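Following: one structure in structure tokens, then a few remarks.
Please treat every number below as a calculation from the coordinates, not as lab data. It should be emphasised that the depicted structure is a prediction, and the values quoted were computed from it without experimental measurement. Heads up, the Cβs are rebuilt from the backbone with ideal geometry, glycines too, and the neighbour counts pull from every protein chain shown.
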Amino acid sequence: MAIILLLSGPNLNLLGEREPQIYGSASLADCVSDASVAAEARGHLLEHLQSNHEGDLVDAIHRSRGRCAAIIVNPGAFSHYSYAIADALATFDGTKVELHLSNPSAREEWRRHSVTAAYVTGVVAGFGRAGYGLAVEAVCASLDTA
């Protein structure tokens, strides 16, 4: 059994209320529940942290080193400019998946570049709530081949 850390960045606590035409009507709790069920079905444990504060996410990544097998991170807007989160992800040796509910490449110009994507194993984007389960499946597939 591996521990998978799911990190949720700024404004994700408002899922279901904030721009549902873009992010859907599911709450963050719904998305985390989907990810937990998917992880448990594969024999793994999912831990979750949501924070609107960059340093909290950096600290969580640091604490996960040597303890967690994988990180799934939805950095929200931090993906576009947080070199601190990118640097922290670079220190983590396990599987890392960047997750986005919407497809940033199909949105505003400023959303089309991720500074964190270069430090992850892969990216799941544009599948809404289903992306949480897909990200867990991608992590589990990676863990199975390790």
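In the chain, with Lys and Arg counted as +1 and Asp and Glu as -1 at Cβ, which of these residues, 119, 11, 85, has the Cα nearest the positive end of the dipole, that is, farthest along it?
The one lying farthest along the dipole's positive direction is 119.
Please report the net charge: other residues with Cβ closer than 11 Å to the Cβ of residue 32, K and R +1, D and E -1.
Here the count lands on -2.
Over region 3-145, what is the relative contact order in whole percent, taking alpha-carbon pairs under 8 Å and six or more residues apart?
27
Are there any helices in the chain, counted as whole DSSP H runs, that stretch 18 Å or more along their axis by Cα and score at least 0.0 on average by Kyte-Doolittle, and if so which?
Sorted by number, the helices that extend far enough and score high enough are 28-41, 130-145.
Let's see if you can work this out: charge +1 on each Lys and Arg Cβ, -1 on each Asp and Glu Cβ, no other charges. What is the dipole magnitude of region 3-145 about its Cα centre, in debye to the nearest 20?
Using only the charged Cβ atoms, the result is roughly 140 debye.
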